[in-house]
Amino acid sequence: MPITLLRYLPVTLVLLMLMGCEQPQAQSNERVVRPVKLMTLQSANASALRQFPARVEASTRSNLSFRMAGELLELNVSPGQQVSEGDVIARIDDRNAQSALDSARSRLELAKAQLERMRYTLERGAVSQSQFDEAESEWRAARANFEQAQEQVTHTQLRAPYDGVIAQVPVDNRQIVQVQETVAVIQQPGQLDVVFHLPEQIVQRMPRSNDAPFGNGLAYEVRFGNSDKPYLAQLASYTTQASAQSLAYEVTLTLPQPDDITLLDGMSANVRLDLSELQSTHATQVWHLPPEAVSYAGDDPNQAQVWRFVEPESVEAVLVNVGALTSNGLEVSGELAAGDRIVAAGAHRLTADTQVTPWEKEQGL
C-alpha cells in the first residue's frame, strides 16, 4: 500500500501546482466595487440663508445724570423697576443750593422793597428817572438770580423723563457723583432694536436706489437666545463706513416688543437673512465642495471635473469651473443641480469605468 501512494505522489504534486497557477487568474476576474464618500448638493435657497450674531438694544433709552455734583442722598430705583414720568429717581445733597436760594430770595425782597420806595418818591419828584431805572435794573437782576437759584434746587432731584423701565443703576447711595455722571439708565418699552454686523461682500450685492439704498429686498428674521421662534424685524438704520477690523457694517433693526418673551437691553440674538433675493435668476449657481472632490484627471489637464454618482454603481464626470477656496470649501460652478450626489474625496483615483458604492459609516465608529 505505501508503494502505491508513492507511485501517485508526482501526479498529485503536478495537479496542486496547476491549481495554484489558476487561482490568481480567477481572482483577477472578480468584480471590484470601490466604496466612496458622497455629499449631496443643497438647494440654492438653503445656501442663501445666513445667520449673524446680534444684541438687543432699547429703541428709546436715556442716561440720567445730574447737572451738578454732590453727595447722593437718595437712590429710589433698582434695575428692572418700572417708573412713571416725573418720579424722583435720585436726590443729591441740596444744602448749598438751598442756602444759595435763601440768599437770592433775601436780595430779591430787598431789591423789590427798594424799587417800591423809588417808585413812591419818583411820583413825588424826590428822585430822578435815572435813579429809579437803576433800582429797577437791580430788582430785575435780583429776580434773575432768584430764578436761577430755584432752578439749581430742582437740579438736585433727578426725575424720570417718561414712563419706562430702569435698565441699569451704575452708582451707589451716599456716593459723590459728578456732573453728567450716569446715575441710572431708563428705557422706554414698546420697541426694540437689534444690532448686528453685515460683511461687505453681502453689502456689495445689495440693490441701490434713491428711495431705498440699503437692503430693500431683504427679509430679516430675529431669534432671541436659544429660542427657535422667529420674529420679523424691519431695517431702522445702518453705518456707511465699514469697521476697520471686521470690514463689516453695523445694521440696526427694529421690531415691537414681543408679548411672549422678556427681552432686556444687552441680551443676545441671531439675525437670519435670506439672501436669495439678491441672486439674479440668470446668475450661475456656485457650490462649495471639499478640495478632494475636484480632480484634473480628464483629457484636458487644465479642466477641472467632479464625479457625480449614478445609480446603482457608477459615476459620471461633470466639468466645472473652480473659484476661490473659502472657509466653506472650494467654489465650483457647472452643470450641477441641487440633490446631486458628488464624490467628496479621492476624485483623482476614479475613472468613468470605476464601479462604486456609497460608503456608509459603521455604527460605533
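Annotation: Ser128 fulfils all but one of (1) within 55 Å of the chain's Cα centre (by Cα); (2) over 30 Å from Asp193 (Cβ atoms); the unmet one is (1). Of the residues making up the range 314-347, those that are in contact (Cβ under 8 Å) with a residue 24 or more places away in the chain, surrounded by 12 or more Cβ atoms within 10 Å (Cβ to Cβ) and not hydrophobic (A, V, I, L, M, F, W, C) number 9.
When Ala149, Ala90 are checked against the criterion of being more than 25 Å from Thr182 (Cβ to Cβ), within 49 Å of the chain's Cα centre (by Cα) and either surrounded by fewer than 18 Cβ atoms within 10 Å (Cβ to Cβ) or touching a residue at least 40 places away in the same chain (Cβ under 8 Å) (or both), a single residue qualifies: Ala149. Of the residues Leu235, Leu325, Leu264, Leu253, which single one is closer than 30 Å to Gln187 by Cβ, of a type in the set (A, V, I, L, M), modelled with pLDDT under 90 and not in a loop (DSSP other than H, G, I, E, B)? Sole residue among the options that is closer than 30 Å to Gln187 by Cβ, of a type in the set (A, V, I, L, M), modelled with pLDDT under 90 and not in a loop (DSSP other than H, G, I, E, B): Leu235.
Scanning the range 161-175 for residues that are under 37 Å from the mean Cα position of the chain (by Cα) and over 14 Å from Gly80 (Cα atoms) turns up Pro161, Tyr162, Val171, Asp172, Asn173, Gln175.
A single member of Val169, Val185 is open to solvent by less than 30 Å² (accessible area, probe 1.4 Å) and at pLDDT 85 or above, and it is Val185. All conditions but one from (1) touching a Phe, Trp or Tyr at 6+ places or on another chain (Cβ under 8 Å); (2) over 21 Å from Pro312 (Cβ atoms); (3) modelled with pLDDT of 90 or more apply to Pro358; the one that does not is (2).
Among the residues making up the range 52-87, those that are open to solvent by less than 60 Å² (accessible area, probe 1.4 Å), of a type in the set (S, T, N, Q) and part of a strand (DSSP E or B) are Ser59, Thr60, Ser62, Ser65.
Scanning the range 102-143 for residues that are under 30 Å from Ala160 (Cβ atoms) and either open to solvent by 50 Å² or more (accessible area, probe 1.4 Å) or modelled with pLDDT under 95 (or both) returns Asp102, Arg105. Considering each of Leu49, Leu41 in turn, give the residue that is open to solvent by 50 Å² or more (accessible area, probe 1.4 Å) and either modelled with pLDDT under 90 or closer than 30 Å to Glu360 by Cα (or both). That would be Leu49, the only listed residue that is open to solvent by 50 Å² or more (accessible area, probe 1.4 Å) and either modelled with pLDDT under 90 or closer than 30 Å to Glu360 by Cα (or both).
In the set (1) at pLDDT 95 or above; (2) in contact with a strand residue (DSSP E or B) (Cβ under 8 Å, 6 or more places away or on another chain), the condition left unmet by Ser59 is number (1).
Test Val179 against the stated conditions and say whether it is touching a Lys or Arg at 6+ places or on another chain (Cβ under 8 Å) and either among the β-branched types (Val, Ile, Thr) or open to solvent by less than 50 Å² (accessible area, probe 1.4 Å) (or both). Yes; evaluated as a whole, the condition is true for this residue. Could we say that Glu30 is among the charged types (D, E, K, R), modelled with pLDDT of 90 or more and surrounded by fewer than 16 Cβ atoms within 10 Å (Cβ to Cβ) here? Criteria not met by Glu30.
Restricting attention to the range 100-124, the residues that are closer than 17 Å to Glu147 by Cβ and not charged (D, E, K, R) add up to 9.
The values are calculated or read from the model by the stated rules, or taken from the named source; none is laboratory data. Just so it is clear, the structure is predicted and the values come from calculations on it, not from any experiment. We place every Cβ from the backbone using ideal geometry, glycine too, and count neighbours over all the protein chains shown. Only protein heavy atoms, including side chains, enter the accessible area calculation; ligands, DNA and RNA are left aside. Shrake-Rupley method; radii C 1.70, N 1.55, O 1.52, S 1.80 Å.
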